[in-house]
Amino acid sequence: MPSSHPALPRIRVLATGGTIAGAQTGGARGYQAAAFSIDALVGAVPQLAALAHLEVEQVAALGSQDMNESVWLQLAARAQAALADPALAAVVITHGTDTMEETGYFLNLVVGSAKPVVLVGAMRPATEISADGPMNLYNAVAVAAHPDARGRGVLIVANDEIHFAREVSKTNTTQVGTFKATHRGLAGLVHAGRLHLYAPPVRRHTTASAFAGPLPPALPRVDIVYAHAGMGRELIDAAVRAGARGLVVAGVGDGNLNAAALAATAAAARAGVAVVRSSRTGGGVVERNIEVNDDELGFIAADELNPQKARVLLMLGLTRTADPAALQEMFFTY
Ligand code: GLU
């Protein structure tokens, strides 16, 4: 975006689609994600010109339910290339909210730069009454442009809140305040472009991540199985037959699973599949050896990560090792 102010930071906006670029399709509720280009989104917020020189790049045009590992790798490569330019201050990524936490956590692990990387989306399509996208985009650029946002890992901005990608989850299907971080709360607040940053992140990320640097050509298959009362073993066995190198169990309570599922996951672990126990509860830590003997069964405890983020870390971990002890250490580190 052109700006007459030479001292403003240069920021690359990588667009992937999402509801922030969505258009209603007739009725008040139905809409299509990723209908507008990034040029149109930026053009709708002329105030951005006072914050930064924006360079825009459309990497994908998806509802984020269609986000996948190959777009993650492409996005990471584009972000790394942009951030390697000494004249570029930060990257902002527009993204659907459904899977934003996974993309954000992936980038938090593979992008080895202290420069801000900020993901932003919206819950209401761009044509909706009180669309939240324009202010979210304005706030995201304000955060990315601020030097104090450096070194905090990948951030997510929405609803006047700044979240650590590692900590945050989408918790509501439709409300604008969908993003919550159950363990450590907010990274900060941003009101009409003014930042209030709180405590820094606690886990290793970006410049200190062992996954930063050259990207793998692809990621290994890791499946998530959701535990429930009366669970059978069939879906676990099917995942292993389909070639999963890792399995994340969204366990009940403290990462628990019933006898049938336990027998199937134990067999998978014996066959060399990495098995991570996480929790479907939405909060809390899954520790080792509480009701399940992880040492004996060769399982990995997800520690603080929810199932979808445990999957991201396990995929990256499996590009380095299949050793459960080494993988466990990663879950205590990242
Ligand atoms: N399915 C959409 C997406 O993730 C809706 C969520 C949104 O962007 O708010 O792209």
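Readers should treat all values here as calculations from the given coordinates under stated rules, not as data from a laboratory. These numbers come from a predicted model, not from an experiment. Every residue, glycine among them, receives a Cβ derived from its backbone with ideal geometry; neighbour counts consider all protein chains shown.
Computed over the stretch 1-111, the range of Cα coordinates on each principal axis works out to 44, 33, 17 Å, biggest value leading.
Fully extending the segment from E57 to H228 would add 57.3 nm, taking 0.36 nm per residue of separation and subtracting the current Cα-Cα distance. Within the chain, DSSP assigns beta bridges of which about 35% are antiparallel (rounded to the nearest 5).
Please give the contour-minus-distance gain from T182 to R10: 0.36 nm per residue of separation, less the Cα-Cα distance, rounded to one decimal in nm.
On the way: separation 172, 0.36 × 172 = 61.92 nm, distance 3.34 nm.
Stretched out fully, the T182 to R10 stretch lengthens by 58.6 nm.
Sorting 189-196, 151-158 by their mean Cβ neighbour count within 10 Å, with the most densely packed peptide first, gives 151-158, 189-196.
Tell me the Kirkwood radius of the stretch 154-246: reciprocal of the mean inverse pair distance over distinct alpha-carbon atoms, in Å.
Working: mean 1/r = 0.0598 Å⁻¹.
Roughly 16.7 Å, rounded to one decimal.
Relative to the longest principal axis of the Cα atoms of the chain, helix 100-110 runs at roughly 80 degrees. Neighbour counts of other Cβ atoms within 10 Å put V117, V292 in the fewest-to-most order V292, V117. Short to long, the 5 Å bins of the Cα pair-distance histogram for the stretch 57-188 hold 2, 11, 22, 26, 21, 13, 4, 1 percent of all pairs. Could you tally the net charge around H146, taking each other residue with its Cβ under 13 Å from the Cβ of H146, Lys/Arg +1 and Asp/Glu -1? Net charge around H146: +3. Directionally averaged projected area (the stretch 235-318, Cα convex hull): 4.8 nm². In order along the stretch 231-242, the phi-based Karplus estimate (6.51 cos²θ - 1.76 cosθ + 1.60, θ = phi - 60°) of 3J(HN,Hα) comes to 4, x, 9, 4, 5, 5, 4, 5, 5, 5, 4, 6 Hz; Gly and Pro are listed as x. Seen against the Cα atoms of the chain and their longest principal axis, helix 307-318 is set at about 80 degrees. Taking Cα atoms, how many degrees apart are the long axis of helix 69-83 and the longest axis of the chain, rounded to 10 and kept between 0 and 90? Rounded to the nearest ten degrees, it is 50. Of all DSSP bridge pairs formed entirely within the stretch 219-327, close to 15 percent run antiparallel.
Here the spin labels are modelled as points 7 Å beyond Cα on the Cα-Cβ line, and at D148 and D237 they lie 5.8 nm apart.
In angstrom, the C-alpha Rg and Dmax of the chain are 20.2, 67. If you take all other residues with their beta carbon under 13 Å from the beta carbon of L257, and give Lys and Arg +1 and Asp and Glu -1, the sum is 0.
Using 0.36 nm per residue, how much length does the chain from L189 to A210 gain when fully extended, once their Cα-Cα distance is taken away? Don't skip to the end; give the middle numbers.
Working: separation 21, 0.36 × 21 = 7.56 nm, distance 2.95 nm.
Once the chain is fully extended between L189 and A210, it gains 4.6 nm.
In which sequence would R203, R241, R311 go, from the one with the fewest C-beta neighbours within 10 Å to the one with the most?
On the way: R203 19, R241 8, R311 25.
Ranked by crowding around the Cβ, least crowded first: R241, R203, R311.
For V248, nonlocal amide neighbours, meaning residues 5 or more places apart or on other chains whose placed amide H falls under 5 Å from its own, are D223, I224, V225, V276.
For the peptides 256-269, 102-115, 227-240, 294-307, what is the packing order when you average, over each peptide's residues, the other Cβ atoms within 10 Å and list the highest mean first? Walk me through the intermediate numbers first.
Values: 256-269: 19.0, 102-115: 24.1, 227-240: 16.1, 294-307: 21.2.
With the highest mean Cβ count within 10 Å placed first, the list reads 102-115, 294-307, 256-269, 227-240.
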